[in-house]
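Everything below concerns the one structure shown next.
We did not get these values from a lab; they are worked out from the coordinates using the rules stated. The model shown is predicted, which means the values in this text are computed figures rather than measured ones. Glycine gets a Cβ as well: all are built from the backbone with ideal geometry, and neighbour counts include every protein chain shown.
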Amino acid sequence: MPPAATTADIEALEALAQRLMGAFTRAGYERIVPAVIQPAGLFLDVIGESLRARTYVFTDPDGAELCLRPDLTVPTCRLHLDRYPAGNVPARYCYSGSAFRYQPAGADRAHPREFRQAGIESFAAADREQDDAAVLGLIVGALHEAGLDGLKLRIGDLGLFTALINALAMPERWRWRLKHQFWRPEAFRAELARLTSGAARATGMPREFIDRLDPADPGGAEVLVMEHLDKSGHELIGARTAAEIAQRLIAGAADMHEKPLPAETAALIESYVAVKAPAGSAVERLSRLARGHGVDLSAGLDAFQRRLDLIDKAGVAIAGAEFSAEFGRNLEYYTGFVFEVIAPALGPKSPVAGGGRYDGLLAEVGAPGHVPAVGASIHTERLLAALQGAAP
Amino acid sequence: MNAKLILALPSKGRLMEQCNAALAKAGLAVTRSGPARGYKGEIDGLPGVEVNFVSSSEIAQFLKTGAAHLGITGEDLIREVMADADERVRFLGGLGFGRADVVVAVPACWLDVRRMADLEQMSVLFRRVHGRRVRVATKYMNLTRRFFAQMGVTGYRIVESLGATEGTPAAGLAELIVDITTTGATLRANGLKVLDDGVILRSQANLVASGAAVWTPELAALETQITARFNRPASNASNR
């Protein structure tokens, strides 16, 4: 709420937040109140330095680096791990509170620096598709209950991209590079171009070295690295060991002997990323595309179809939702199903709710391994604006 | 009373000396004035100008907020303080001194890292082995963040370093640095090398005009006068 909000506005917002929380708690989600002020280091580790560009990071009198929470998902993960350090005990949480984002172009009503989120997170549920469907079903149900009609859905599945890359013939380290760069479309295109042109061979490698490196002999490569450093008068400084340096040099040497990625494979990846279709026909589209290139995507697509059926059963008309293979690409912590809810009054640039699956996040926050996790949040002010029929 | 044109100049160090020399060459004689020859000054023959002596990084702040109309400071400091510098200030010309490159430098023993793309790949492996992100020591937090994002490098943490940055990798306080260099000798002496595509900015001292300051026609005319002095063929000022 802007500072000039009237009493009526504030009361309407409070009532709306309570109504949403009522829907969540009735569905068995435990109400929690995570701290507003969070350790910045944790967020920087999880999200990276890009966090500073959109988060209020500050230093307290004791010198500790703190931040105003940019979302409530990471704080909820922390709370869960405080209770269950391994993270693997099923639990479902809900919250309603403020999140804070720096707006580089200046804050206004559509881009507030402080806004309310009402959300849910479900951890360690064994059946992923079932849990994805339950979370989407609850969010859509709560929005309906609050009075929002005519909402539109956008969905994606980052697990399908992983499945596609795993199904293609190429060295594991190339798969890994493409998955890693997927989040940065420009760097991804550059990586794909390097792999298809064979330019991967030239990158960063002292040539005189390559021929002497034997991929089957990492110890020998380490010795070569030490010899080279001795000869050139460079000391080994810092935390990286000669073995780590040798490991990457060996990978580079292996790239040199590898055939470039076939142009047809790169074309398939690019066509996949460009797919947009109604959810009801997406499976058919994707499966035809993969089969046309002799690739079997059926395991990923079966899970996708099963999830659609479960969402339908949860009472959400999903067939007309817009599927986009690229959707979710700007949010690195998502690993599977992703969705966004659009209210007709506000349009696709200001979704009223969004969420998805992030099976890697609890491990980033401190769990010993991956833990299934799916969650979503409603942008409460936007929902109120949509209900009042006003542009935010 | 007419408003004066505020000219912010470096108050100390080598940049101040070179700045004085450049001003003298341009025929602008600056004298300190006020109590104890303090932080104010004037220029002979230009009574409409008030000189403020402040630290170089503060000059960038003054230009950002409009507390000064004109200032002389390094382009690196301007771009560090303002992400959208070209929209907030006008660069009126490089002055040929204070030259320094802002560069990404890594240990020379990293035989596997020559380009920014190598850095991204290496950083992921590093995190897996050491359980933390690669640390970049720098005083240029904003320039670093923008350049790394532009080059697709994400897996790092910044450690703020306000002095002796080049020593941090050997001391184990960071894995690599972003810092200024002129000849590269200091980097080499500390066992570091500049990445092939790791030059973020080739900086030098610039005469810069603030977009946020209030410019009356009289002050704009004064600016033209001052700029013309620097651009006289006899002076050694060079436009970039």
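Some points to look at:
- Overall shape: rounded for segment B:100-202, with the ratio a/c of the largest to smallest alpha carbon gyration tensor axis below 1.5.
- 3J(HN,Hα) from dihedral phi, segment A:237-242, Karplus parametrisation 6.51/-1.76/1.60, rounded to Hz, x for glycine, proline: 10, x, 7, 6, 9, 4
- Over chain A, relative contact order from alpha-carbon pairs under 8 Å, at least 6 apart, %: 24
- Each of A:185, B:72, B:165 was scored by the projection of its Cα onto the charge dipole of the protein assembly as shown, and the greatest displacement toward the positive side belongs to B:72; charges sit on the C-beta of Lys, Arg, Asp and Glu.
- Assigned charges on the beta-carbon of Lys, Arg, Asp, Glu; segment B:37-143 dipole about Cα centre (debye): 640
- With 0.36 nm allotted per residue and the present C-alpha distance subtracted, the residue A:6-residue A:88 stretch has 25.1 nm of extension available.
- The mean sequence separation of alpha-carbon pairs under 8 Å and at least six residues apart, normalised by the residue count of chain B, gives a relative contact order of 29 percent.
- Using only side-chain charges placed at the Cβ, +1 for Lys and Arg and -1 for Asp and Glu, the dipole size of the protein assembly as shown relative to its Cα centre rounds to 1020 debye.
- Counted residue by residue at 0.36 nm each, then reduced by the alpha carbon distance between them, the extension gain from residue B:164 to residue B:17 reaches 50.7 nm.
- A cut-off of 5 Å between modelled amide H atoms, ignoring neighbours fewer than 5 places along the same chain, links residue B:161 with B:138, B:139.
- Taking amide hydrogens as placed 1.01 Å from N in the peptide plane, the amide H of residue B:92 sits under 5 Å from those of B:207, B:208, B:209, each at least 5 positions away in sequence or on another chain.
- Under 5 Å from the amide H of residue A:337 lie the amide H atoms of A:158, A:159, A:357, each residue being 5 or more positions distant or on a separate chain, with H modelled from the backbone and absent for Pro and chain starts.
- Tilt relative to chain A, helix A:263-273 - C-alpha long axis, 0 to 90 degrees, to 10: 10
- Within chain B, percent of DSSP bridges classed antiparallel, to nearest 5: 65
- Reciprocal of mean inverse Cα separation for segment B:7-99 (Kirkwood radius, Å): 13.6
- Inter-chain neighbour count for B:150-159: the average number of beta-carbon atoms from partner chains within 10 Å of each residue's beta-carbon is 4.
- Two-decimal log10 I(q)/I(0) for the protein assembly as shown, as the Debye equation yields it once each C-alpha is a single scatterer, q = 0.05, 0.06, 0.11, 0.12 Å⁻¹: -0.30, -0.43, -1.19, -1.28
- The mean sequence separation of alpha-carbon pairs under 8 Å and at least six residues apart, normalised by the residue count of segment B:100-202, gives a relative contact order of 48 percent.
- Cα point-scatterer Debye curve for segment A:105-174, base-10 log of I(q)/I(0) at q = 0.13, 0.14, 0.16 Å⁻¹: -0.70, -0.77, -0.89
- Packing-based ranking, highest mean first, of A:67-76, B:128-137, A:323-332 given that Cβ atoms within 10 Å are counted: A:67-76, A:323-332, B:128-137
- Here the calculated FRET efficiency for residue B:196 and residue A:267, from their Cβ-Cβ distance with R0 = 25 Å, stands at 0.25, rounded to the nearest 0.05.
- Added length on full extension, which subtracts the Cα-Cα distance from 0.36 nm per residue, residue A:18 to residue A:298: 96.5 nm
- Projecting the Cα atoms of A:311, B:34, B:153 onto the charge dipole of the protein assembly as shown, computed from C-beta unit charges around the Cα centre, puts B:34 farthest toward the positive end.
- Neighbouring partner chain Cβ atoms per residue of A:248-254, average, 10 Å criterion: 3
- This model, with +1 at the C-beta of Lys and Arg and -1 at the C-beta of Asp and Glu, gives segment A:225-294 a dipole about its Cα centre of some 480 debye.
- Summed over all non-identical Cα pairs, the Kirkwood treatment of segment A:1-93 gives a radius of 15.8 Å.
- Rounded to the nearest Hz, the phi-derived 3J(HN,Hα) couplings of segment A:169-177 under the Karplus curve 6.51 cos²θ - 1.76 cosθ + 1.60 (θ = phi - 60°) are 7, 5, x, 4, 5, 6, 4, 4, 5, where x marks glycine and proline.
- Across segment A:140-154, computed HN-Hα scalar couplings (Karplus, 6.51 cos²θ - 1.76 cosθ + 1.60, θ = phi - 60°) run 5, x, 5, 5, 4, 4, 6, x, 7, 10, x, 6, 10, 10, 10 Hz from first to last residue, x flagging Gly and Pro.
- Burial order of peptide ranges B:70-79, A:364-373, B:107-116, B:38-47 (average beta-carbon count within 10 Å, highest first): B:70-79, B:107-116, A:364-373, B:38-47
- At R0 = 45 Å, FRET efficiency that the Cβ-Cβ distance of residue A:110 and residue A:214 yields, to 0.05: 0.15
- Shielding by partners, peptide A:230-242 (average Cβ within 10 angstrom, other chains): 6
- Between segment B:61-77 and segment A:268-332, the C-alpha centres lie 53 angstrom from each other.
- Of all the options A:271, A:232, A:350, the one that moves most in a Gaussian network model of chain A with Cα springs shorter than 10 angstrom is A:232.
- With R₀ fixed at 22 Å, the C-beta to C-beta distance from residue B:40 to residue B:229 puts the FRET efficiency at about 0.60.
- Per-residue ellipticity at 222 nm, computed for chain A from helices alone with -39500 (n - 2.57) per DSSP H run of at least four residues, works out to -14500 deg cm²/dmol.
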